[in-house]
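Before I ask anything, let me first share the structure, which is written out below as structure tokens.
Quick note: the coordinates plus some simple rules give every number you see, no bench work behind them. These figures come from a predicted structure and were not determined experimentally. As a convention, Cβ positions derive from the backbone with ideal geometry for all residues, glycine included, and neighbour counts pool all protein chains shown.
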Amino acid sequence: MLKIMIVDDDFLICEELQGIVTDLEYEVAGVADSGQAAVEMALEVKPDIILMDIVMNNGMDGIEAAGKIMKSIGCAVIFVTGYGDDQIIERAKQVEPHGILLKPFTPLEVRAEIEIGLHKKQVEKRLKDAYEGVLTDLKQRTSELESANERLEGLLNAPTDSMVLLGLDGTVLAANPVAAKRHGLPVDEFVGKCAYDLLTRSWPKPGRPILPELSKPRSVPALLTNVERLFSTTAFILYLTMNVILFNWLFMAKMSPKKLSP
């Protein structure tokens with residue numbers, strides 16, 4: 001059952017609100033006549049909604065009390081006030097209440113404010129849960145990417161031979177210094193180049209084609225087929241990571257163009 005706390009320094013208003021809340025079949029969690037008493041009671045009973053008067057004569061007003069309560073337990077607060085001047089409304093808006101009920105009120109108006117305030121609170125909770133879920137997922141994905149990046153760097157830099165990571169279109173996604181040096185480029189310039197162009201420039205220029213039927217490949221499978229024909233000692237590692245098929249291309253460090261000549 002929904003628990004509603006009532007805060008007002010007017011005894012008659014408290015009695016009227018208690019009767020309306022009871023008729024609506026909600027539980028009256030407690031009644032307080034000052035802001036300080038409201039803060040202490042709210043921390044103890046933890047209501048779902050507080051019907052809070054704004055202007056009270058016993059020290060702390062309803063706006064200050066609402067701010068402390070919402071910060072501590074996060075319950076919904078609906079202000080009940082007979083003051084509608086701009087200064088009070090602006091102060092009330094700063095604590096982001098879940099509704100404002102002006103005196104005098106009717107049972108229908110009280111019911112409407114309670115239901116709207118409860119709905120607003122539920123929406124806030126769903127948004128908060130979704131936001132926390134996104135943050136948790138983001139942290140997990142970030143950790144996974146950092147770990148994958150470390151493994152990839154270790155894989156590329158560990159071998160003493162050439163190691164190149166290719167995208168589906170033949171773009172060099174990553175490479176170790178050995179591979180970049182073979183093509184006469186620093187690693188940062190080597191990455192991003194098209195492997196087709198690099199291979200074409202690096203291949204020897206014999207009097208006749210090494211493989212007459214060999215043409216510039218238009219896809220990674222074709223590139224692999226061509227390279228396998230040329231470098232029988234090259235190893236390929238195929239793995240799938242986040243919808244990108246990555247290819248590790250291992251060149252023998254001491255392979256020379258003479259071995260490729262007919």
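Which three numbers, in whole Å and largest first, are the semi-axes of the equivalent ellipsoid of the range 1-66 derived from its Cα gyration tensor as √(5λ)?
19, 14, 8
To continue, here is another question. Which cross-chain or sequence-distant (5 or more) residues have an amide H under 5 Å from the amide H of K193, H modelled 1.01 Å from N in plane?
Correct list: V172.
Something else now. What are the aspartates and glutamates whose alpha-carbon lies under 20 Å from the alpha-carbon of K193, with same-chain residues fewer than 8 places away excluded?
E153, D161, D169
Which ³J(HN,Hα) values in Hz, rounded to whole numbers, follow from the phi angles of the range 108-120 under the Karplus curve 6.51 cos²θ - 1.76 cosθ + 1.60, where θ = phi - 60° and Gly and Pro get x?
Each residue of the range 108-120 in turn: 5, 5, 5, 4, 4, 5, 5, 5, 5, x, 5, 4, 4 Hz.
Ok, one more. First select every other residue whose beta carbon is under 13 angstrom from the beta carbon of S147; then total the charges, Lys and Arg +1, Asp and Glu -1.
Here the count lands on -1.
Could I ask something else about it? Kindly provide log₁₀ I(q)/I(0) values, in the same order as q = 0.19 Å⁻¹, from the Debye equation applied to equal alpha-carbon scatterers of the range 3-124.
Treating every Cα as an identical point scatterer, log10 I(q)/I(0) equals -0.97.
For R91 and L152, compute 0.36 nm times the residue count separating them, minus their Cα-Cα distance, and round to one decimal in nm.
So the chain would gain 16.4 nm between R91 and L152.
Set the bar at 20 Å for Cα to Cα. Now go through K93/K121; K3/K103; K46/K93; K93/K120; K71/K121; K71/K139 and name every pair that lies beyond it.
As for pairs spanning more than 20 Å Cα to Cα, those are K3/K103; K46/K93; K71/K139.
Okay, next question. May I ask you to evaluate 6.51 cos²θ - 1.76 cosθ + 1.60, the Karplus curve with θ = phi - 60°, for each residue of the range 163-171 and list the ³J(HN,Hα) values in order in whole Hz, giving x for glycine and proline?
So the Karplus estimates, Gly and Pro as x, are 9, 10, 10, 10, x, 4, 8, x, 6 Hz.
For every other residue with a beta carbon closer than 11 angstrom to the beta carbon of P47, add +1 if it is Lys or Arg and -1 if Asp or Glu, then tell me the sum.
-1
Same structure, new question: Which length gain, in nm to one decimal place, applies between K120 and E15 when the Cα-Cα distance is subtracted from 0.36 nm times their residue separation?
35.2 nm
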